[in-house]
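Below is one structure, written out as structure tokens; the observations come after it.
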Amino acid sequence: MTLKVQELEFHNGLWLGLISGVDPGSDHLPVLDVSLHGEPVDAVQVVRSQDTDDLHLHIPIPPLAVGSGVHSFVITEHKGAEILARFTLVGGDLVGQDLRAEIDLLKAELDLLKRAFRRHCSQT
């Protein structure tokens, strides 16, 4: 099954998402990678809800992403190249920020592809 991540809410510096596509009744929690400007985000957690058995993704927003500029987060399966979700935080002057956000996302996707390609080349 293919994993999917959907945003639930974002408040108090915590981005919360719902993970779907996990086999029902599975005890295995998926391992997800979250990157910001090509660097991993620490303290990311996958948590199983006690009431509904849903899986939630908790991403604490690092302090460097709170401020002026465009900060794009990319969520992938661990060591995977497929992007499951992404979100962008924009602060400061908003003139021209939409284009910068798109360029930032393209850079993040290109970095993922480069890593996957290098990994593929080193394994073959």
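Between D54 and L106, what is the label-to-label distance in nm when each label sits 7 Å out along the Cα-to-Cβ direction?
3.5
Just to confirm a number: summing +1 for Lys and Arg and -1 for Asp and Glu over residues other than D54 whose beta-carbon lies under 15 angstrom from that of D54, what do you get? Before the final figure, lay out the partial values.
Numbers: positive: K4, R48; negative: E7, E9, D23, D27, D51, D53.
Local charge sum for D54: -4.
Where the centre of each part is set by its Cα atoms, how far does the range 98-113 sit from the range 35-79, in angstrom?
Cα centroid of the range 98-113 versus Cα centroid of the range 35-79: 17 Å apart.
Amide H of A85: which non-local residues (sequence gap of 5 or more, or other chain) have their own amide H closer than 5 Å, using H built in the peptide plane?
Amide H to amide H, under 5 Å and 5 or more residues apart or across chains, A85 pairs with I75.
Helix-only mean residue ellipticity at 222 nm, the chain, DSSP H runs n ≥ 4 weighted -39,500 (n - 2.57), per residue, nearest 500. What is it?
Numbers: 1 runs with 27 residues, N = 124.
The per-residue figure over the chain is -8000 deg cm²/dmol.
Only four residue types carry charge here, +1 at the Cβ of Lys and Arg and -1 at the Cβ of Asp and Glu. Report the dipole size of the chain about the Cα centre in Debye, rounded to the nearest 20. Please list the in-between numbers first.
Values: 10 positive and 18 negative charges, 112 e Å.
It comes to approximately 540 debye.
So I have [x] 0.96; [y] 1.06; [z] 1.00, and one of them is Rg/Rh (Cα atoms, Kirkwood Rh) calculated from this model. Which one is it?
Recomputing Rg/Rh (Cα atoms, Kirkwood Rh) here gives the entry labelled [z].
Give me a comma-separated list of calculated 3J(HN,Hα) values for the range 40-48, in order, Karplus coefficients 6.51, -1.76, 1.60 applied at θ = phi - 60°, integers in Hz, x for any Gly or Pro.
Per-residue couplings from phi come out as x, 8, 7, 6, 6, 10, 9, 10, 8 Hz.
Got a sec to turn the phi values of the range 7-13 into Karplus ³J(HN,Hα) couplings, 6.51 cos²θ - 1.76 cosθ + 1.60 with θ = phi - 60°, whole Hz, x for Gly and Pro?
5, 9, 6, 9, 7, 6, x
None of the figures in this text is laboratory data; all of them are computed from the coordinates on show. Just so we're clear, the structure is a prediction, and the values are computed from it rather than from any experiment. Positions of Cβ are generated from backbone atoms using ideal geometry, with glycine treated the same way; all protein chains shown enter the neighbour counts.
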